[in-house]
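What follows is calculated from the coordinates using simple rules that are stated; it is not laboratory data. Just so you know, these numbers come straight off a predicted model, no measurement behind them. Every residue, glycine among them, receives a Cβ derived from its backbone with ideal geometry; neighbour counts consider all protein chains shown.
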Amino acid sequence: MLLTRISAHSTARNLAPEISDQLEAALAELGLGEPLPETVRHAFLHPQWRYRLVYRATTVILECAAARQHHAESGSIDLEGLARASRPACDDISRVHWMRGTIPFDRRHRVNAVRAHARRVVNRIQWAEGSLAADPAANLPAHARRWLTIADRYMECRIGALLDDVEWSVPRRV
């Protein structure tokens, strides 16, 4: 637990409150001219270890913008930085049920449902990353929007509905 807090604080220190301006510029670069949600902006103004998923999602969005800019300039696509940023963010999605701290310990059935949803979200993200190389101009903005949706819903404590295009279901009983 201590290592998680230390790594989250170091991540938060790397992303200053001014990063929200860079994030809005990256969204504009990707053609997503929507304003940054206030819940996500709050995570930068009040850095805490439980907001680590938001910080990591931000780095993925910034890498999407950098990959699109590189693709526009050179015509080739380099997804190595995006994959490097996405791995720890997907790990944080897998731990979302305890990172946010909104589910009481005696509600095991709710934890199981959130964990099952988190696995489906990670599978959806990994599938989407596999399709990025096919058409980066069309797929990078959708991928960045997906990560922005995850960050916004995480900040709204909607950890059981991080993405809309992932069906929500009750986990199997063993």
message = Normalised radius of gyration for the range 71-163, please: alpha carbon Rg relative to 2.2 N^0.38 Å, two decimal places.
response = 1.23
message = Students often check this: by mean Cβ neighbours within 10 Å, which of 76-88, 110-122, 136-148 ranks highest, and how do the rest follow?
response = 136-148, 110-122, 76-88
query = Based on the mean of other beta carbon atoms within 10 Å per residue, what is the order of 50-57, 27-34, 62-69, 152-159, most packed first?
reply = 50-57, 62-69, 152-159, 27-34
task = Determine, from the Cβ-Cβ distance of ARG84 and SER131 and an R0 of 22 Å, the FRET efficiency 1/(1 + (r/R0)^6), rounded to the nearest 0.05.
result = 0.75
Estimated FRET transfer efficiency when R0 is 25 angstrom, pair GLU34-ARG108 (beta carbons, to 0.05) = 0.10
